[in-house]
1. Against the conditions (1) open to solvent by 20 Å² or more (accessible area, probe 1.4 Å); (2) of a type in the set (Ser, Thr, Tyr); (3) more than 16 Å from the ligand (Cβ to nearest atom), where does residue 444 fall short? Just the number, please.
2. Quick check on the range 169-192. Is at least one of its residues under 30 Å from residue 281 (Cβ atoms), in contact with a His (Cβ under 8 Å, 6 or more places away or on another chain) and either surrounded by 18 or more Cβ atoms within 10 Å (Cβ to Cβ) or not small (Gly, Ala, Ser) (or both)?
3. So residue 493 passes all but one of these: (1) away from the ligand (no atom under 14 Å from the Cβ); (2) surrounded by fewer than 23 Cβ atoms within 10 Å (Cβ to Cβ). Which condition number does it fail?
4. Return the total of residues in the range 638-655 being over 23 Å from residue 679 (Cβ atoms) and in contact (Cβ under 8 Å) with a residue 60 or more places away in the chain.
5. For the range 666-680, what are the residues that are of a type in the set (A, V, I, L, M, F, W, C) and part of a loop (DSSP other than H, G, I, E, B)?
6. Right, residue 474: over 22 Å from residue 356 (Cβ atoms) and either of a type in the set (Phe, Trp, Tyr) or in contact with an Asp or Glu (Cβ under 8 Å, 6 or more places away or on another chain) (or both) or not?
7. Considering only the range 132-164, state which residues are under 27 Å from the mean Cα position of the chain (by Cα) and open to solvent by 10 Å² or more (accessible area, probe 1.4 Å).
8. Report, by residue number, each residue of the range 224-269 that is closer than 24 Å to residue 96 by Cα and in a loop (DSSP other than H, G, I, E, B).
Amino acid sequence: MRTVVFSILFLLLIQINIQGQSKEVIQVETNDLTMIFTASQNEKVIFQYWGNKLDGVSSFLDRKVKGQPDTNDDFISQLYPAYGGRYYLNPALKLTHDDGVLTSELVYAGSRTKTLDSNKKETVVSLKDKLYPVYVDIRFVAYQKENIITQSATIYHNEKNTVKVENFASSYIPLHAESYYLTHFNGTWAAEMQMEEEALTHGIKVVESKKGVRTTQSENPSFILSLNGPSKEDSGEVYAGSLAWSGNYKLSFELDETGKLGITSGMNPFASTFYLKPEQKLEAPEMVLTYSANGIGQISRNYHDWARKYAMAHGDQLHPIILNSWEGAYFTFDEKTITDMMDNAAKFGVEMFVLDDGWFGNKYPRNGDNAGLGDWQTNKKKLPRGIPYLADYAVNKGLKFGIWIEPEMVNPDSELAKKHPEWIVKSGKRDILPMRNQWLLDLSNPAVQDFVFKTFDDVVSMSPNISYIKWDANRHVDNVGSDYLPASEQTHFWYEYVKGLYNVYEKIRAKYPDIQIQLCSSGGGRVEFGALKYHDEFWASDNTNALDRIFIQYGTNLFFPAIATGSHVSTSPNHQTGMMAPLKFRFDVAMSGRLGMELQPKDIQGDEYEFAANAIKDYKQIRPIVQLGDLYRLISPYDKNDWASHMYVSKDKKQSVLFAYSLKYHGRTTYFETKLKGLDPTKNYKITELNVKPGQSSFYGNGQTFSGDYLMKAGINLNIGNPFDSAVLLISQE
Ligand code: GLA
């Protein structure tokens, strides 16, 4: 009751009357963070502050900004700047009205706040054009405990005719500092999420995708922006954002002549003009935002907590250890190949077997990547007793069973392509360009959405023992165009494709809430929160080479949690890179994500067999810490010293696991040292080295007890100085 009274008093206090006009403070708050805007009816909404919570919020009401709002709009930070008035920077909104007028002026029309549940608060700020019946609602959801704020926008209008929406961002963040350092994630197939950090200079830096599908392979729609110096792990002000959208996106960072930075994020406007009819609503996806005054470590922990609870399927349940058939069998297998793999997998203690590509197609059998996609019937020659037989076999061996599909795609050599040429994405009469010998189905078409849903439904219905689907998507969009969309709406394709995909995902999740789904897109082509919501995990990359995985997983885990990062031990020499690495190194890397294997298990023999079976047993012990704990990065692989190390710490700080890797030869006199993080300084911890052969421990204190304070202040050293040396330490409270 007292809180309610105080809140009402506070709200009254922060509404003051300036020249007869009521001015308000609008606050979007989590437990530790706040965004603050000021607003008066029919005036632009001013973006005042985004950062740690502060006292004296009402002072924002008469805070003076240099210049007059009505003469220098371009220098004033707005919540959602539109192209119009004196605003000439990158706008969040640009549209053409039905009478041809190119400008808009969005002013305040009210706001409302609603408690969605004990952890989620929604705030909607309504804006309207000063002259035209155009309305934009900016919606925030503040996740209290996780310190995450999502921002999205909805636009609609009552003009007589269609309005042309040309730019429609999800969020705009204005910042003002001495300097700005942008971290973004560049990549390509088999080398996704490579981190790059750069000092921003005047002008516009853009991170974007125009690929439509596999949109995160070359760049990821996530960024970290550090103020006044490069980002650090445990200190410094950092802002971060990640767009929850599985289509084209654009993040732009504009440093203007006044030294202010405007970050505009949302769907990519490129070739995407949207012809919005009266009353029709267009929704921009959610931008997922957070801030830390103490470096990027906290940023990652915020995203991970939030993702496990709100942005992935089954983020609160331990994920199984998988053997995936791809690198062990590729397209060449029969029933016995698969049952042998299952026999061996079960012996190792693996918990699930996944049958990858190659199991379907009869008229056009899927014996390579050049035929069969689209024809989702079991290949009778390879698997005469069908999938149910294999799924039952797995279950009888104590394994769960999963299967691969790529339902958005079709090979020209398939029954489907011949039957439904109108379903294929194509640009009028131009050639349909193949990629990996395949074409893309047009998900803007509801008939295709039905087909994709039915594919999933039929495949899952083959056996009640199918509990996991690996959903792949191995090409992007080029020569864009849709036979379904009218000529005047071809530019809607990019939006409608993603909406179509989400329709299918929604239907699938409504019918199959329990099934596990892996989000794969040639590896890491769909690593973003829009799609993850419907899935249990990503396949972060087709590159299973442990050394490369250290970098790929470092980038991926800056935003996305380990529980969602499929991370498999493969054979040596590695199939993608030809690099040789010890089995221990390969396990030590894979065990820091959702462990699996991607090889022919019968090839692991003798000592290596013992080692692998033991490592799998140990993973089961550390799994709750890795999958549900807090990540603390100790040494970045990007630092020039060529070591890498990180820890996971259980929420109650009772258990922790440390991973350490040597990436090159360090000479005899240099050794690995690090201070631990995240432990309880008042408690004692016993350290046990895992994945170690008797007598070969790399830690001098193996089996001994240390205080948390000692471990975090004095730290430890490890004897890992050769290329591919590594160590895994279990740190348990006594
Ligand atoms: C993609 C996936 C792989 C595998 C193959 C099968 O490349 O990323 O894991 O499933 O397709 O064709």
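1. (1)
2. No.
3. Here residue 493 clears every test but (2).
4. 1
5. Quick first cut of the range 666-680, residues of a type in the set (A, V, I, L, M, F, W, C) only: 672, 676, 679.
Once the filter is applied, which keeps residues that are of a type in the set (A, V, I, L, M, F, W, C) and part of a loop (DSSP other than H, G, I, E, B), the range 666-680 yields 676, 679.
6. Numbers: over 22 Å from residue 356 (Cβ atoms): no; either of a type in the set (Phe, Trp, Tyr) or in contact with an Asp or Glu (Cβ under 8 Å, 6 or more places away or on another chain) (or both): yes.
Taking the combined requirement at face value, the residue does not satisfy it.
7. Once the filter is applied, which keeps residues that are under 27 Å from the mean Cα position of the chain (by Cα) and open to solvent by 10 Å² or more (accessible area, probe 1.4 Å), the range 132-164 yields 137, 139, 143, 144, 145, 146, 147, 152, 154.
8. Selection gives 247, 248, 268, 269.
The values are calculated or read from the model by the stated rules, or taken from the named source; none is laboratory data. What you are looking at is a predicted structure, and each value in this text was computed from that prediction instead of being measured. Every residue, glycine among them, receives a Cβ derived from its backbone with ideal geometry; neighbour counts consider all protein chains shown. When the accessible area is computed, the model is the full protein with side chains, heavy atoms only, and any ligands, DNA or RNA have been set aside. Shrake-Rupley method; radii C 1.70, N 1.55, O 1.52, S 1.80 Å.
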